[in-house]
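Participant: Here you go, one structure.
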Amino acid sequence: MTPVSLAPPLPPTSVPQLDKDGLFPLWEQMVLIRRVEEMAAKAYTERKILGFCHLYIGQESVAVGAAAACRPEDRWITGYREHGQAMAKGVTPRAMMAELFGKRTGASRGLGGSMHIFDKNVHFMGGYGIVGAQCALGTGVAWSLKHLKTGAVCLCWFGDGAANQGAFFESMCLAQLYKLPIVFVCENNFYAMGTSVERSSAVIDMSVRGLGVGMAREQFEGFDVEHVRNRMSAAIEHARSGQGPVIVEVMTYRHRGHSMSDPAKYRKPGELEERKQNSDPISITEERLRGFGVTDAEMEAVRERVEVIAKDAYEFADASLPPDPADLYAYTYAPASS
């Protein structure tokens, strides 16, 4: 038998460098995601959102940069910290917020809540509450994309904690064996719930795990939205070309606790403040935009527009009706065939 050779590193991306007009909309999208998430935090404290609620604040550049590298027909599937990913993929703030409120106007008709946002219209294949389960499901999505010859790629999102699950390893093996069009995206925000990655994993570069099956891999920092877009473009181009799957580890950092019920006492003193000062993705992009000549007045105009959208989403969700009890079992089973 011929041993499996290790995959070469990903090549440089072929996408052109962003100018002001290309970077500015990405910054605006990050600002929108953060403000909507802040409104969700407010709603949670008011008990308008119940159950679990995992915020994406601090990680906006990863989802927005990946979306800039994707085509509309590409599928995304993820875990339960998916609010920012859902909006980056095209789920509207109204539909997202209404789902958090458990209302019938939500993306999942109010039946999924924070952890189970789903919108087939934008090919957002859902968030899932079982850690690592989305990896197996994403592999199935990629199998379908390959055999239907769609030309689309599946992005399967998970965290550093999920990288220790058996389903993750099994999914990588099958994806590589059948050269499926999938990019496994590990968002390493340094903490699996309250446990640091150094305490939970002997190997702290999660992308290295792809080498065990000969999968192309890369680890990179995800605080600069354009850098994320560039490296994700390289990964997606590789998977789309038929060369096989890719695993990337994007180093990021969440500003809030694991969920709204987590006070995050496990961080070292001063760690969060240092991260906000030196690696906030929105601030990093703002500095780059100022270098392009964007004024504070232009940025303030965007923030005012974003505030209107975020408040509208909150008010829309608050005014919407809850799900109809008659629909309780409507989406549990497929309709019986005649």
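Participant: Treating only the Cα positions of the range 70-119 as identical point scatterers, give the base-10 log of I(q)/I(0) from the Debye formula at each q in 0.19, 0.27, 0.29, 0.31 Å⁻¹.
Facilitator: -0.52, -0.96, -1.06, -1.17
Participant: For the range 138-212, which trypsin sites (Lys or Arg not before Pro) are both in a DSSP coil and crowded by at most 13 other Cβ atoms within 10 Å? Intermediate values should be presented prior to the final figure.
Facilitator: Numbers: sites: K146, K149, K179, R199, R209; in loops: K149, K179.
Sites meeting the loop and neighbour criteria: K149.
Participant: Roughly what % antiparallel, to the nearest 5, for the DSSP beta bridges in the range 184-338? Could the numbers behind the result be given before it?
Facilitator: Numbers: 2 of 13 bridges.
Among the beta bridges of the range 184-338, antiparallel pairing accounts for roughly 15 percent.
Participant: For the range 20-320, what is the charge dipole size about the Cα centre, in debye to the nearest 20, if Lys and Arg each add +1 at the Cβ and Asp and Glu each add -1 at the Cβ? Walk me through the numbers on the way to the answer.
Facilitator: Numbers: 36 positive and 37 negative charges, 184 e Å.
Here the range 20-320 has a charge dipole of around 880 debye.
Participant: Quick check for the chain: number of Lys pairs with alpha-carbon distance under 12 Å, counting only pairs 8 or more apart or on different chains?
Facilitator: Working: K42/K311; K48/K103; K89/K120; K146/K179.
Taking the Cα cut-off of 12 Å, the pair count is 4.
Participant: Sorted from largest down, what three extents in whole angstroms do the Cα atoms of the range 1-144 have along their principal axes?
Facilitator: 59, 44, 25
Participant: When a/c reaches 1.5 or more, the comparison of a/b and b/c decides; with that in mind, is the range 193-338 rounded, prolate or oblate per its Cα gyration tensor?
Facilitator: Values: a/c = 1.45, a/b = 1.08, b/c = 1.35.
Rounded.
Participant: By per-residue mean of other Cβ atoms within 10 Å, what is the highest-first order of 188-196, 110-118, 263-271? Could the numbers behind the result be given before it?
Facilitator: Details: 188-196: 18.2, 110-118: 21.3, 263-271: 10.8.
Output ranking for 188-196, 110-118, 263-271: 110-118, 188-196, 263-271.
Participant: Next up: Which percentage, to the nearest 5, of the DSSP beta bridges contained in the chain is antiparallel?
Facilitator: If I count the DSSP bridges inside the chain, around 10 percent turn out antiparallel.
Participant: Now for a different question. 222 nm [θ] for the chain, helices only, -39500 (n - 2.57) per DSSP H run of 4+, per residue, to 500? Could the numbers behind the result be given before it?
Facilitator: On the way: 11 runs with 143 residues, N = 338.
Value at 222 nm, helices only: -13500 deg cm²/dmol.
Participant: Taking only complete DSSP H runs, can you tell me which helices of the chain stretch 15 Å or more along their own long axis by Cα positions and average at least -0.5 on the Kyte-Doolittle scale? Don't skip to the answer; put the middle values down first.
Facilitator: Values: long enough: 20-45 (38 Å, -0.11); 133-147 (22 Å, 0.39); 166-177 (17 Å, 1.08); 225-240 (21 Å, -0.69); 281-291 (16 Å, -0.61); 296-319 (34 Å, -0.40).
Flagged H segments are 20-45, 133-147, 166-177, 296-319.
Participant: Give the shape of the range 167-256 as rounded, prolate or oblate, defined through the alpha-carbon gyration tensor: a ≥ b ≥ c are the square roots of its eigenvalues, a/c under 1.5 means rounded, and otherwise the shape is prolate if a/b is larger than b/c and oblate if not. Could you put the intermediate results ahead of the total?
Facilitator: Numbers: a/c = 2.52, a/b = 1.32, b/c = 1.91.
Oblate is the answer for the range 167-256, as a/c is 1.5 or above yet b/c matches or exceeds a/b.
Participant: Another one. Rounded, prolate or oblate: which one fits the range 20-320, using the alpha carbon gyration tensor with axes a ≥ b ≥ c (rounded when a/c is under 1.5, else prolate when a/b beats b/c, else oblate)?
Facilitator: Working: a/c = 1.36, a/b = 1.30, b/c = 1.05.
Judged from the Cα gyration tensor, the range 20-320 comes out rounded (a/c under 1.5).
Participant: Just order 121-131, 87-97, 46-56 by mean Cβ neighbour count inside 10 Å, highest at the front, would you?
Facilitator: Working: 121-131: 19.2, 87-97: 23.6, 46-56: 17.5.
Ranked by mean Cβ neighbours within 10 Å, highest first: 87-97, 121-131, 46-56.
None of the figures in this text is laboratory data; all of them are computed from the coordinates on show. This one's a predicted model, so the numbers in the text were calculated from it and none came from an experiment. Note: ideal-geometry Cβ built from the backbone for every residue, glycine included; neighbour counts use all protein chains shown.
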